[in-house]
Every structure is written in structure tokens, then in C-alpha cells.
Amino acid sequence: MDRKVRVRFAPSPTGPLHIGGVRTALYNYLFARKHGGDMILRIEDTDSHRFVPGAEEYINEALAWLGIGIDEGVREGGAYGPYKQSERRNIYREHVKMLLDAGKAYIAFDTPAELEAKRAEIPNFQYDASTRDSMRNSLSLPAEEVKRLIDEGTQYVVRFKIEPGIDVVVNDLLRGEVKINSSVLDDKVLYKSADDLPTYHLANIVDDHLMEVSHVIRGEEWLPSAPLHVLLYEAFGWSDTAPAFVHLPLLLKPDGKGKLSKRDGDRLGFPVFPLEWHPEGGEVSSGYRESGYLPEAVVNFLALLGWNPGDDSEIMSMAELIEKFDFGHCSKSGAKFDFEKGRWFNHEYLQKLPDERLASLFKPVLAANGVNPDDFTDDYIARAVGMVKGRIYFVKDLWDQAKFFFKAPEAYNPKDVKKRWNEDTPRIMGELVEVLRGMADFSSAAAEPVVLEWIASKGYHLGNVMNAFRLTVVGECKGPHMFDITELLGKDETISRINKGVEVITL
Ligand code: GLU
């Protein structure tokens, strides 16, 4: 059947969006864009006890930061709204009634205490065809009694009446046919009179149907719910237009076994949330954005956790991912969360940024380290970062690599001093100052041969002289090409640093 691709990302606003949820959103988005379809953002807030203030805004902000565009949603609007489940109570009430009228669902009055007692009495108790007659519900009680209880305002739930002994087949695009027998399922609660709200299962199915969702792409943790969903579609008579399922593989711990958790991030030092999360009165959790990741790098990294393009390309823009994305290259086994690879992607994407852009990202880091960025031209900052960016994983690493461009060294690496400085060095550095002073052209290309010729003509040790020179200018024997450094610092600054080094460094 040819139908328009319509997918939805359907988070529950119960806290910050986990990085696994971000990957689910991304795959939905890539699939929608690839097929010219629609991407819906539906807020599934029917569990009033688990609602967390700020979570919905967080979801919007995270998706926007990553460039995961939404076509229909609470903020975007659309023809299938409202897109927040708590605003769709009438729709659910109507659909609960449809199931009740058709005898596919029933009303149950059992109190939590009664259910508890049953569980204590019967091992592995399950509310289903074998037990429902012994419970207090509209199937076991006389009709007048049911009416009386409801009229009196007794709280009740509506349960789905599952017929036992039926083979239920879930068609999953990744996993093929997943079969289970309906006898293992319990009569799930679909609606609670106490808060006049449906449960996840009912709301999810009704909305996917009404919003004409063509593909349900979600995490593997929802696979156990899928047979129930298949039966619900059937009960409503919607099987012909039921969406195709794709249950994405779990994200696994970087080491060891099991599902990726926040604790793994804390233990190994990486965020599991896209943005920093500040819970009311709780501990702040780190986010990719605040940790210095570029959104493009995060997207690229996540895209490859559970999917590959079929060749060995790794660096792919959103446009390329859209072009290449397909479920044929998705794996159904869990994907190890290789956060080192995430750092590598960030490194690669930082290399692709123009130096001017990197320089502007670096300015707040300069300020945080006590350097006023306005004391330097944009061009100066850009040239400095351009020389060291090959060594960085995050923008903040630029400080360690490039600080000497902005501040003369205040200390000199003792090991380097020991290795490269001897009693002749001050005299030789004095000569070097004279050589540099005499130069008309201080550019790297012009200065380098002059200095090298001077060293050769004097018969000095090249390594020792150049490293002592570097020590005075940089503070340690590391960094980019020496004459590129001095070109940018300029003659006066270079000479003043050599002089200061000679004055300060003692053996
Ligand atoms: N509200 C569910 C969640 O939080 C949606 C699951 C689904 O996509 O069906 O993930």
C-alpha cells in the first residue's frame, strides 16, 4: 500500500530527554525527510504522576539545537492536533466507549488492596481470561450492580478484554515477524476514571491511528507492548491501516554488559543528555551542548549507533544522512555507546569549522581565563586557533593549546629547562635577540632561514637553541611551528619574552 510517510516522536515529559531518545527522534526525522514525509512531535503526558515541569521545553530545545526539525507539534501546529495528549481527553473517552460498546473492553472496580490480596493468594496472578470472572468487574457483576457502583461515583478502570490462545504477530521491519500467544498477555488497563485519563497504550494507539502515522519507530524497550498494540488495532477495526513497526536496538554500556545508564556517563565522564538538565532542587546533569560538542557531531555520532550507510563513510552531514538512511542497514542487536568515538567526531567537526568561527567560539573561553578577547583582533585569534586546532577535541581545549598567544609564560616547564637550558644559553639567547632585531621581515618564511643560518654559522646545537628559544616564548617545548608563532606574536613581543626568559630562568 502506498501511503504518505508520517512518523512521530512521542516522548513522555518525565525528565530530560535521554540520548537514546534523541537517537530515536533522529531516526524518525531521517526517515521522514528521506521519504518526503511528515515528522510529528507528540507529547505523551497522560501519566500525571510522572509529569516533570520543564521537560517539554527541554525536549523542544534539544531537538532544535540538533537540527531535528518538526513539521507538526504543540508549537508548530498542524491538521491533526492537539499534539499534547492531556488536551485530547474527549477523543480518548470516545474511543474507550467504542471498545466498551463493542464488548472489547470492560469496567473493573477492584481496589488496589483487593488486587494485592489476589496476588498474595495466587502465585503469578495475572488479570486475564482465567481470572477475570473471580474479580469485580462488568463481566462478573450483574448489570444493575455495575450501574449502581458507577452512579455512586466508585472509581474504576477500563480493561482490554484479551481473548486467550490467539497467535499475535508483530511485523517489525528490523526483526521480521515477532509472534507471541495472547494467553501470556494480561487485560491491560486502558483508562482510569480517577484522573479521567487513558493509559499510554490506548492513547498511543488512538493517536497513531488518528494522526495517520505510517511507521512507528521507537526504542526496543517498547517491543513487549507491540502485541497488545496489534490487538488494539484489531479491536478498533483498524488493522488495515496499522503502522509498520521498527523497534530500534538498545544503546549499550561502553564497557561490560547491559543498557547504557546515566551512571555509566558519571563513571566514565560523558553526558547522557543532549543539554544540561537542572532539576528542581536536584543535582545538575551534564549535557552535550554545555560540554562543548557541536550539534552536527552529535547527530553524526548518534546516526551511526545502530545504523551504517553500507560503505565505510563516517563523516556525514544531515543532508547526507537523509540521503543514505534506510532500515536495511539498521542492526537489531544493541549498539555499544562508544563515547570516545563521539569525541573523535567532535574533533573532526571542529577541524571543518572556519578559523573565524572557531575564534568566536573561543572568545568566551578566553574571557573565562582572564583574557579580554577585545585586546586582540579577530584575525589574530583566528590565526592562533588555526595553528593549534588539530590538537583539540573541544573548544575549551584551545586554551591549553593556545594560551601563550594571549599571555606571556609565567612559568617554564622544569623538565624542559633541565634538558634544554645550560650556562651558555643566556648568552646564545642574547645573540638570538640581536639576530631577530635586525630582521626587516619577521614573517615565518623570512625569519626561519635567517635564524637557521645563524645557528649553523656559529656551530650551535640546533635542537638545543630552538628549544631554548621555544621555552622562553611558549613556556614549554611544545606547540606549533616556532616561526609561525613568532610571526603572529610579532617582533617586540618575541624579543621581550626571550629577555624575560633569560632573566627568570635559573639553573
Ligand atoms: N511515550 C512513549 C515514550 O516515552 C512513546 C513510546 C512510543 O513511541 O510508542 O517513549
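Scanning the range 170-196 for residues that are part of a loop (DSSP other than H, G, I, E, B) and among the small types (G, A, S) turns up S193, A194.
Considering each of K192, K253 in turn, give the residue that is more than 11 Å from the ligand (Cβ to nearest atom), closer than 30 Å to G342 by Cα and not β-branched (V, I, T).
So the residue among K192, K253 that is more than 11 Å from the ligand (Cβ to nearest atom), closer than 30 Å to G342 by Cα and not β-branched (V, I, T) is K253.
In summary, Y393 fulfils each of the numbered conditions (1) within 24 Å of N499 (Cβ to Cβ); (2) part of a loop (DSSP other than H, G, I, E, B) with the single exception of condition (1).
When N124, N137 are screened for being modelled with pLDDT under 95 and over 20 Å from Y200 (Cβ atoms), only N124 passes. Based on what the data block shows, is G54 away from the ligand (no atom under 14 Å from the Cβ) and surrounded by fewer than 22 Cβ atoms within 10 Å (Cβ to Cβ)? Yes; evaluated as a whole, the condition is true for this residue. Within the range 154-171, the set of residues being surrounded by fewer than 19 Cβ atoms within 10 Å (Cβ to Cβ) and farther than 13 Å from A105 by Cα comprises T154, Q155, P164, G165, I166, D167, V169, N171. Would you point out the residue of the range 31-41, among those that are touching a residue at least 40 places away in the same chain (Cβ under 8 Å) and not charged (D, E, K, R), that is farthest from the ligand (Cβ to nearest atom)? That would be G37.
Name every residue in the range 459-483 that is basic (K, R) and either touching a Cys at 6+ places or on another chain (Cβ under 7 Å) or loosely packed, with under 11 Cβ neighbours inside 10 Å (or both), in order of residue number. R470 - this is the single residue of the range 459-483 that is basic (K, R) and either touching a Cys at 6+ places or on another chain (Cβ under 7 Å) or loosely packed, with under 11 Cβ neighbours inside 10 Å (or both). Restricting V298, V284 to those that are buried (at least 23 other Cβ atoms within 10 Å of the Cβ), of a type outside the set (K, R) and touching a Phe, Trp or Tyr at 6+ places or on another chain (Cβ under 8 Å) reduces the list to V298.
The set of residues in the range 203-216 that are more than 10 Å from the ligand (Cβ to nearest atom) and in contact (Cβ under 8 Å) with a residue 40 or more places away in the chain comprises V206, L210, M211, E212, S214, H215. For the range 1-21, the set of residues classified as within 12 Å of the ligand (Cβ to nearest atom) and of a type outside the set (F, W, Y) consists of V7, R8, A10, P11, S12, P13, T14, G15, L17, H18, G20, G21, listed by residue number. At least 3 residues being under 30 Å from P142 (Cβ atoms) and in contact (Cβ under 8 Å) with a residue 40 or more places away in the chain is the threshold, and among the helices (runs of 4 or more DSSP H) wholly inside the range 42-122 those reaching it are 89-101. Restricting attention to the range 73-109, the residues that are closer than 19 Å to L17 by Cα and touching a strand residue (DSSP E or B) at 6+ places or on another chain (Cβ under 6 Å) add up to 4. Evaluate the range 409-428: report whether one residue or more is small (G, A, S), crowded, with 16+ Cβ neighbours inside 10 Å and touching a residue at least 40 places away in the same chain (Cβ under 8 Å). No, the conditions are met nowhere in the range 409-428.
In the range 1-58, how many are of a type in the set (S, T, Y) and closer than 23 Å to Y191 by Cβ? Number of matching residues: 4. Only one of the numbered conditions (1) under 17 Å from Y412 (Cβ atoms); (2) outside any helix (DSSP H, G or I) is not met by R470, and that is (2).
If I filter the range 14-40 down to residues being in contact with a strand residue (DSSP E or B) (Cβ under 6 Å, 6 or more places away or on another chain) and in a loop (DSSP other than H, G, I, E, B), which single residue comes out as surrounded by the fewest Cβ atoms within 10 Å (Cβ to Cβ)? By that ranking, first place goes to G37. Looking across D240, D208, D255, D311, one residue alone is assigned to a helix (DSSP H, G or I) and either surrounded by fewer than 20 Cβ atoms within 10 Å (Cβ to Cβ) or of a type in the set (A, V, I, L, M) (or both). It is D240.
The C-beta contact set for the range 1-30 (first residue at positive phi and of a type in the set (G, A, S), second residue more than 9 Å from the ligand (Cβ to nearest atom) and part of a loop (DSSP other than H, G, I, E, B), distance under 8 angstrom, 6+ apart or interchain) comprises G15/V52; G15/P279.
Of all residues in the range 217-241 being of a type outside the set (F, W, Y) and near the ligand (Cβ under 10 Å from one of its atoms), which is nearest to G20 (Cα to Cα)? Selected residue: G219.
The values are calculated or read from the model by the stated rules, or taken from the named source; none is laboratory data. Source: prediction; values computed, not measured. Positions of Cβ are generated from backbone atoms using ideal geometry, with glycine treated the same way; all protein chains shown enter the neighbour counts.
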